[in-house]
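Heads up, the thing below is written out as structure tokens.
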Amino acid sequence: MDNIALRKQKWIDFADVSTNVNRLLVIDCTEDMPKRPMLWWENMKQREDWTFERFIKQMENVSVIHDNTIPFMTMITGTEIFAEAFGCSVYKPNNNNPCAIPRITNWRDVKKIRIPKLEDTKLVNLFEAADRLSKRAGKDALFGLPDIQTPMDIAALIWDKSDFYAAMYDAPEAVKELSEKVKIFMFDFLDEWFKRFGREFIAHFPDYYMPFGVSVSEDEIGSVSADIYKEFFEKELLEFSSRYGAIGVHCCADSMHQWGNLSNIPNLKILNLVRDCPQTVQSLKFFRDVCGQYPTSVIRDLSEIEEPQKLHLAQHISVDSRDKAAYTADYFNEYGVLPQNI
């Protein structure tokens with residue numbers, strides 16, 4: 001547990017760009033890891049067992065793999081869970097995560113949408129599963145958050161996108177009304193989650209630690225202009241950051257035109273942008289003095305970045321054996337870079 005406490009502190013320092021803790025490595029060691037079941041509600045028992053087995057394997061790896069992984073019980077879900085709570089039906093492909101099917105197709109239908117009661121939704125399954133897992137693993141075990149999309153992103157799931165984006169011009173108040181309803185419900189969910197399972201958590205993607213705050217996926221900003229962001233997206237991100245005291249943001253869209261807006265989010269601690277290496281290097285430069293960065297691309301060359309020692313960069317790599325994982329972690333700890341042969 002002392003080892004885990006030290007790892008937590010490193011993540012806290014990493015998210016503060018004024019510290020000298022500027023290189024972290026998370027290794028996904030797949031050796032003996034159980035296969036994840038499909039993320040369907042009817043698979044909840046299998047998902048619980050998978051989560052617990054994965055947690056135990058991570059705990060075993062702490063003593064032999066000296067990276068910055070913090071063992072946790074993942075409550076990973078698809079993106080559909082909040083849209084489903086608002087009445088969307090769900091498509092369940094056999095080879096991918098479930099996804100929401102839009103419920104409404106025009107601005108007039110927004111009035112029909114009611115804010116659900118948490119206890120009347122299938123999200124209760126997540127709380128019950130986490131309660132059971134907490135008993136199995138002990139009260140000190142960390143949880144990962146489920147997939148937390150922003151209210152506007154969830155509104156874009158509830159409302160067919162072919163009309164949703166047009167409505168930002170034709171019926172902007174209806175768009176804001178729907179996202180406000182989603183936000184109120186999400187606050188109810190998150191308030192209850194943090195009350196029951198503690199304020200510290202591991203983000204749903206990628207696996208970084210936060211002692212408090214919230215982590216969100218903000219993907220729809222790639223499809224809108226910087227001005228539309230300011231009108232529809234900015235306020236809710238500010239509210240999430242303010243309510244929970246800190247925020248981590250994941251974006252898998254091409255969001256370069258929004259970087260200035262993202263850099264202005266108060267208490268932004270960790271940013272994950274899913275881009276190729278050339279654009280990732282540009283983002284590392286842009287956000288160097290803003291927050292800790294945890295890109296999806298593996299970065300081996302920082303020569304293009306001025307004063308790279310000031311860059312707070314976390315990296316993720318997947319390996320298929322504990323021996324490779326241990327070697328990679330030890331090499332990274334000594335040289336601050338990944339070995340070329342892994």
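A few points about this structure:
- Residue, farthest from Tyr327 (Cα to Cα), within region 22-55, restricted to residues that are in a loop (DSSP other than H, G, I, E, B) and not charged (D, E, K, R): Trp40
- Cβ-Cβ under 9 Å pairs, at least 6 apart or on other chains, region 121-135 side without any contact (Cβ under 8 Å) to a residue 40 or more places away in the chain, far side outside any helix (DSSP H, G or I): Thr121/Phe86
- Qualifying residue in region 100-112 (condition: closer than 24 Å to Asp207 by Cβ and either surrounded by fewer than 19 Cβ atoms within 10 Å (Cβ to Cβ) or in contact (Cβ under 8 Å) with a residue 24 or more places away in the chain (or both)): no
- When region 155-205 is limited to residues that are closer than 18 Å to Val249 by Cβ and of a type in the set (Val, Ile, Thr), the one that is farthest from the chain's Cα centre (by Cα) turns out to be Val182.
- Scope region 79-128; condition under 16 Å from Met186 (Cβ atoms), part of a loop (DSSP other than H, G, I, E, B) and out of contact with any Cys (no Cβ under 8 Å at 6 or more places or on another chain); matching residues: Phe86, Gly87, Cys88, Ile113, Arg114, Ile115, Pro116, Lys117, Thr121, Lys122, Leu123
- Subset of region 234-250 that is surrounded by fewer than 22 Cβ atoms within 10 Å (Cβ to Cβ) and of a type in the set (A, V, I, L, M, F, W, C) - its residue that is nearest to the chain's Cα centre (by Cα): Ala246
- Residue within region 139-150 that is surrounded by fewer than 22 Cβ atoms within 10 Å (Cβ to Cβ), at pLDDT below 95 and not hydroxyl-bearing (Ser, Thr, Tyr) present: yes
- Residues located in region 1-18, provided they are surrounded by fewer than 14 Cβ atoms within 10 Å (Cβ to Cβ) and either of a type in the set (Val, Ile, Thr) or part of a helix (DSSP H, G or I) (or both): Asp2, Asn3, Ala5, Leu6, Gln9
- Of all residues making up region 276-287, the number that are surrounded by fewer than 19 Cβ atoms within 10 Å (Cβ to Cβ) and either without any contact (Cβ under 8 Å) to a residue 12 or more places away in the chain or part of a loop (DSSP other than H, G, I, E, B) (or both): 2
- Residue count for region 19-41, restricted to those that are among the polar types (S, T, N, Q) and either within 21 Å of Thr77 (Cα to Cα) or surrounded by 15 or more Cβ atoms within 10 Å (Cβ to Cβ) (or both): 2
- Among the residues of region 251-291, those identified as more than 15 Å from the chain's Cα centre (by Cα) and of a type in the set (A, V, I, L, M, F, W, C) are Met256, Trp259, Leu262, Ile265, Cys277, Val281, Leu284, Phe286, Phe287, Val290, Cys291.
- Conditions (1) crowded, with 21+ Cβ neighbours inside 10 Å; (2) charged (D, E, K, R); (3) without any contact (Cβ under 8 Å) to a residue 12 or more places away in the chain; number of the one not met by Glu220: (3)
- In region 42-78, the residues that are buried (at least 20 other Cβ atoms within 10 Å of the Cβ) and among the basic types (Lys, Arg): Arg47
Residues are listed down the side, and each one gets a yes or a no for (1) among the hydrophobic types (A, V, I, L, M, F, W, C); (2) more than 20 Å from the chain's Cα centre (by Cα); (3) under 30 Å from Val182 (Cβ atoms):
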{"site": "Thr19", "(1), (2), (3)": "no, yes, no"}
{"site": "Pro34", "(1), (2), (3)": "no, yes, no"}
{"site": "Trp50", "(1), (2), (3)": "yes, no, yes"}
{"site": "Gln58", "(1), (2), (3)": "no, no, no"}
{"site": "Phe72", "(1), (2), (3)": "yes, no, yes"}
{"site": "Arg103", "(1), (2), (3)": "no, yes, yes"}
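- Glu80 satisfies every condition listed in (1) touching a strand residue (DSSP E or B) at 6+ places or on another chain (Cβ under 9 Å); (2) charged (D, E, K, R); (3) closer than 19 Å to Arg322 by Cα except (3).
The values are calculated or read from the model by the stated rules, or taken from the named source; none is laboratory data. Not measured: the values here are computed from a predicted model. When we count neighbours, we look across all protein chains shown, and the Cβ atoms used for this are built from the backbone with ideal geometry, even at glycine.
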